[in-house]
Amino acid sequence: DEEFNELCFEFGLELDEVTSEKDIISKEKGEEKAKGASDTILYKIDVPANRYDLLCLEGLVRGLQVFKERINLPRYEKVIPAQGEGQKLIITEETVQVRPHAVAAVLRNITFTKERYDSFIDLQEKLHQNICRRRALVAIGTHDLDTISGPFTFTAKAPSEIKFKPLNQSQEYTASQIMDMYRTDSHLRHYLHLIENKPLYPVIYDSNGVVLSMPPIINGDHTKISVNTRNVFIECTGTDITKAKIVLDIIVTMFSEYCEKPFSVEAAEVVYPNGKTHIYPELAYRKEKVKPELINKKIGISETPSSLAKLLTRMCLKSHVIGNGNNIEIEIPPTRADIIHACDIVEDAAIAYGYNNIQMTIPKTYTIANQLPLNKLTELLRLDVAAAGFTEALTFALCSQEDVADKLGMDISATKAVRIANPKTAEFQVARTTLLPGLLKTIAANRKMPLPLKLFEISDIVVKDPNTDVGARNHRHFCAVYYNKSPGFEIIHGLLDRVMQLLEVPPNEENGYTIKAAEGSAFFPGRCAEIFAKGQSIGKLGVLHPDVITKFELTMPCSALEINIEPFM
């Protein structure tokens with residue numbers, strides 16, 4: 001495990017954890033649910049988002065083997081069938097409004113096993129989530145070629161006119177019924193919005209009218225592939241032709257190694273509405289030239305051109321020196337769509353050289369860093385408030401709408417809270433506008449602790465502000481709460497006086513601080529005061545309203561103080 005962890009790091013990956021299905025389930029759902037789950041060791045590997053060629057075991061192993069110089073990079077070749085024998089995909093003009101692009105290819109005489117088949121399906125799923133942007137840009141369909149006969153037609157029809165048996169279903173449905181059926185499907189419901197409001201739905205037929213798929217939702221059951229499938233027809237439809245080509249290239253390069261003739265792919269012809277034709281997959285190799293001194297300078301090393309070429313070859317970029325060592329010619333294989341610019345090549349050279357092997361140097365520019373004054377003030381205050389007997393808490397910057405509004409007796413519109421557009425959980429809907437809810441939730445989670453509970457936090461809150469470039473603004477707040485059998489207003493008031501003493505602000509009106517009776521929705525009537533300093537209101541202190549206390553599932557009285565510390569800089 002340690003060696004493999006090292007290898008991953010050298011290759012620019014991260015071995016996230018070594019675990020098993022049993023461990024994962026017991027962590028998420030408890031020991032009971034994990035009974036009977038598999039004990040097989042699993043490696044969780046973090047792959048950078050640009051390396052689509054490492055998203056399946058085949059590509060990852062191939063990449064690592066080339067990196068370790070155990071094998072040479074395979075040469076992927078496209079086999080163009082004899083005239084009239086290849087597969088054809090005809091695109092009709094109806095598709096223009098919904099999903100205008102399509103590409104296709106065939107994997108001939110492929111041998112699947114259970115593991116290879118699972119990996120094949122899994123790679124499609126990972127590509128769908130990643131480069132395909134949840135199938136919005138590209139949707140992949142893989143079909144058993146022996147169950148259908150070409151040429152194939154990619155068209156678009158009214159939902160009521162499309163009828164077929166979807167994958168793993170037992171009867172035929174119309175497209176509208178399929179959409180209704182999958183509204184509750186945990187996996188497929190996320191993709192329905194891509195086409196449901198369109199007048200026509202995209203669909204692919206074979207020459208006998210058999211439905212291959214209704215992209216980007218579901219394939220037909222008739223053409224489904226299994227472990228015994230020998231010939232696979234792959235189609236990628238989408239709104240972005242470049243991404244569709246990349247996705248097709250990745251799938252065929254990863255799995256062509258299991259074909260009878262390894263690393264060969266049978267090309268398919270795509271006919272566009274205007275009559276033009278194009279052969280896919282492109283599997284394009286291209287050459288780039290990069291000067292060795294550029295690589296050395298950017299990374300901060302001094303390697304010979306030939307050793308740089310060797311480093312790049314280990315990263316699946318076959319390279320050799322040309323022109324008396326003035327240039328390195330690099331061949332970019334079809335698996336590396338992430339190589340867009342010379343800097344991508346330099347980065348790969350740096351990974352192969354080993355980040356840990358680059359000598360550290362002192363930068364030529366000389367600067368002296370300084371702590372942000374606000375952070376310095378925060379650090380000083382934290383120490384002294386802790387010395388006053390309060391325990392520091394660190395709470396989430398996001399909370400639910402109820403926490404900052406309803407539970408404190410306010411309306412959400414009055415809080416100027418910044419909302420998250422698509423929150424994953426109800427707990428994280430808005431950015432906090434006050435630190436109080438976080439501390440009260442902390443007390444609720446620690447009710448078993450002996451009283452009194454004295455907590456404080458100095459952190460940022462966020463409010464909307466149309467005058468700033470980002471539409472919001474941060475303020476550094478200091479909040480403290482005292483929770484006991486009696487409210488302890490005097491203790492919180494004492495803490496305020498101590499903080500002001502530390503900030504050297506005297507208790508008077510002219511140039512110091514004062515408190516004046518006020519009303520606050522979260523506070524008990526008549527037990528709330530507003531704090532003024534530096535000629536402005538900086539916050540409130542008081543005894544919390546019983547309704548607030550019960551809404552946070554607490555049972556004892558509680559007093560609180562919250563001020564903005566930025567004016568004291």
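So the values come out like this:
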{"item": "Identity of the residue in segment 31-45, among the charged types (D, E, K, R) and surrounded by 11 or more Cβ atoms within 10 Å (Cβ to Cβ), that ends up modelled with the lowest pLDDT", "result": "Lys33"}
{"item": "Yes/no for Gly520 being in a loop (DSSP other than H, G, I, E, B) and in the same structural domain as Gly488 (by the TED database)", "result": "yes"}
{"item": "Residues satisfying the stated conditions in segment 419-445, i.e. assigned to a helix (DSSP H, G or I) and open to solvent by less than 70 Å² (accessible area, probe 1.4 Å)", "result": "Leu436, Pro437, Gly438, Leu439, Leu440, Lys441, Thr442, Ile443, Ala444"}
{"item": "Selection status of Lys540, part of a strand (DSSP E or B), open to solvent by 10 Å² or more (accessible area, probe 1.4 Å) and in contact (Cβ under 8 Å) with a residue 12 or more places away in the chain", "result": "yes"}
{"item": "Top-ranked residue of segment 464-513 - restricted to ones that are among the aliphatic types (A, V, I, L, M) and open to solvent by 20 Å² or more (accessible area, probe 1.4 Å), ranked as nearest to Ser413 (Cα to Cα)", "result": "Ala472"}
{"item": "Residues of segment 401-413 that turn out to be open to solvent by 70 Å² or more (accessible area, probe 1.4 Å) and charged (D, E, K, R), as a count", "result": "3"}
{"item": "Hits in segment 50-98 (condition: within 30 Å of the chain's Cα centre (by Cα) and aliphatic (A, V, I, L, M))", "result": "Leu54, Leu55, Leu57, Leu60, Val61, Leu64, Val66, Val98"}
{"item": "Among (1) farther than 24 Å from His493 by Cα; (2) modelled with pLDDT under 90 - the single one Leu451 does not satisfy", "result": "(1)"}
{"item": "Matching entry among Lys448, Lys416 (being touching a residue at least 24 places away in the same chain (Cβ under 8 Å) and open to solvent by 70 Å² or more (accessible area, probe 1.4 Å))", "result": "Lys416"}
{"item": "Test set (1) touching a residue at least 60 places away in the same chain (Cβ under 8 Å); (2) over 17 Å from Ile121 (Cβ atoms) - Asp180 fails condition number", "result": "(1)"}
{"item": "Residue list for segment 61-91, restricted to those being of a type outside the set (Lys, Arg), in a loop (DSSP other than H, G, I, E, B) and either over 29 Å from Pro202 (Cα atoms) or open to solvent by 70 Å² or more (accessible area, probe 1.4 Å) (or both)", "result": "Glu69, Ile71, Asn72, Leu73, Pro74, Tyr76, Ile80, Ala82, Gln83, Gly84, Glu85"}
{"item": "Options Phe255, Phe263; residue that is under 31 Å from the mean Cα position of the chain (by Cα), of a type outside the set (A, V, I, L, M) and within 25 Å of Asn50 (Cα to Cα)", "result": "Phe255"}
{"item": "Ala421 closer than 29 Å to Pro525 by Cβ and of a type in the set (A, V, I, L, M, F, W, C)", "result": "no"}
{"item": "Residue in segment 391-400 that is of a type outside the set (A, V, I, L, M, F, W, C), assigned by the TED database to the domain that holds Gly300, under 32 Å from the mean Cα position of the chain (by Cα) and surrounded by 10 or more Cβ atoms within 10 Å (Cβ to Cβ) present", "result": "no"}
{"item": "Pairs where the first residue, in segment 43-67, is within 19 Å of Cys259 (Cβ to Cβ) and outside the structural domain of Thr313 (by the TED database) and the second is of a type in the set (Asp, Glu) and surrounded by 16 or more Cβ atoms within 10 Å (Cβ to Cβ), C-beta under 6 Å, 6+ apart", "result": "Gly59/Asp53"}
{"item": "Residue pairs meeting the criteria (Cβ under 7 Å; at least 6 apart or on separate chains; first open to solvent by less than 90 Å² (accessible area, probe 1.4 Å), in segment 543-557; second part of a strand (DSSP E or B) and of a type in the set (Asp, Glu))", "result": "none"}
{"item": "Residues of segment 31-54 satisfying the condition of being part of a strand (DSSP E or B) and of a type in the set (Asp, Glu)", "result": "Asp46"}
{"item": "Looking only at segment 336-360, and only at residues there that are in a loop (DSSP other than H, G, I, E, B) and among the hydrophobic types (A, V, I, L, M, F, W, C), the one that is least open to solvent (accessible area, probe 1.4 Å)", "result": "Ile339"}
{"item": "Of the criteria (1) touching a strand residue (DSSP E or B) at 6+ places or on another chain (Cβ under 9 Å); (2) of a type outside the set (A, V, I, L, M); (3) not assigned by the TED database to the domain that holds Pro333, which one Gly275 fails", "result": "(1)"}
{"item": "Lone qualifier among Glu94, Glu58, Glu28 - being more than 30 Å from Pro281 (Cβ to Cβ), in a helix (DSSP H, G or I) and either open to solvent by 60 Å² or more (accessible area, probe 1.4 Å) or modelled with pLDDT of 90 or more (or both)", "result": "Glu28"}
{"item": "Selection from segment 324-370 of residues that are closer than 26 Å to Pro281 by Cα and hydroxyl-bearing (Ser, Thr, Tyr)", "result": "Thr335"}
{"item": "Residue match in segment 255-268 (condition: within 19 Å of His341 (Cα to Cα), of a type outside the set (Phe, Trp, Tyr) and part of a helix (DSSP H, G or I))", "result": "no"}
{"item": "Candidates Asp344, Asp338 - the one that is more than 30 Å from Asn446 (Cβ to Cβ), free of Cβ contacts under 8 Å to residues at least 24 places away in the same chain and among the acidic types (Asp, Glu)", "result": "Asp344"}
{"item": "Residue count, segment 361-379 (criterion: open to solvent by 100 Å² or more (accessible area, probe 1.4 Å) and assigned to a helix (DSSP H, G or I))", "result": "1"}
{"item": "Any pair with Cβ under 7 angstrom, 6 or more apart, that starts in segment 223-249 at a residue that is outside the structural domain of Ile148 (by the TED database) and touching a residue at least 60 places away in the same chain (Cβ under 8 Å) and ends at one that is open to solvent by less than 40 Å² (accessible area, probe 1.4 Å) and not in a helix (DSSP H, G or I)", "result": "none"}
{"item": "Residue check for Met500: more than 14 Å from Ala560 (Cα to Cα), part of a helix (DSSP H, G or I), free of Cβ contacts under 8 Å to residues at least 60 places away in the same chain and among the aliphatic types (A, V, I, L, M)", "result": "yes"}
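The values are calculated or read from the model by the stated rules, or taken from the named source; none is laboratory data. Note that the structure is a prediction, hence the values are computed from the model and not measured. Positions of Cβ are backbone-derived with ideal geometry, glycine not excepted, and every protein chain shown enters the neighbour counts. When the accessible area is computed, the model is the full protein with side chains, heavy atoms only, and any ligands, DNA or RNA have been set aside. Shrake-Rupley method; radii C 1.70, N 1.55, O 1.52, S 1.80 Å.
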